[in-house]
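Take this structure, written in C-alpha cells, and hold onto it; I'll ask about it next.
The numbers here are math on the coordinates, done by the rules we state, and not lab data. It should be emphasised that the depicted structure is a prediction, and the values quoted were computed from it without experimental measurement. Reconstructed Cβ throughout: ideal geometry from the backbone, glycine too, with neighbour counts over all protein chains shown.
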Amino acid sequence: MFNLPGKHTESEGFMIEEKNREQIAAFLPDAIRRALTSYEAFSGNEVSVQEANAFKDHHNACKVAIAHIELLLKLARWADLPDETAANKNDQVILAAMMETASEELQNYRTRHPLSPNKPE
C-alpha cells in the first residue's frame, strides 16, 4: 500500500515521501476510528477475576490496542494531520476531535497505570 524507500534522487525521494503522507492521511482517520471503537468496546467488557487467563488476556489486548492508537497518532502527526488545506473541512474537524479524544484517553490511561510501558515519545 505504501511506497518503500530505496535508491532515489532527492526529488524522487521527496515525491515518494509526499505520496506516503497522502496515503497515510487517507488511511489514518478510519484506522484511528476503528482502533478507538475496538478499544472502547473491549475495555468496557467485564472479565471475571477468577478467570485469570482471560483477565490477563483482556488487559494484554487492551495494551496492544493502546500501542496501536499511539502509533496511529504518531503517524497522523508525521503526516501533518489534520490537514487544514484539505477540501473536506468536516472530515478534518472530525479527525482533529478523534485525535484529541485518543490523546486524552491515552493520558488518562497513563495516569491510571503509571508503570505502563506505553509512554509518550
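At 0.36 nm per residue, minus the direct Cα-Cα distance, what do Arg110 and Leu71 gain on full extension? Give it in nm, one decimal, please.
12.5 nm is the gain from fully extending Arg110 to Leu71.
Separate question: Quick one: grab Rg to one decimal and Dmax as a whole number for the stretch 53-116, Cα atoms only, in Å.
When restricted to the Cα atoms of the stretch 53-116, Rg and Dmax are 14.6, 48 Å.
Report the FRET efficiency, 1/(1 + (r/R0)^6), for Glu17 and Glu40, where r is their Cβ-Cβ distance and R0 is 30 Å, rounded to 0.05.
0.35
So between Ala54 and Arg33, what do we pick up on full extension, going 0.36 nm a residue minus the alpha carbon distance?
Fully extending the segment from Ala54 to Arg33 adds 5.0 nm.
How many nm separate the modelled label positions at Asp80 and Lys63, each set 7 Å beyond the Cα in the direction of the Cβ?
3.7
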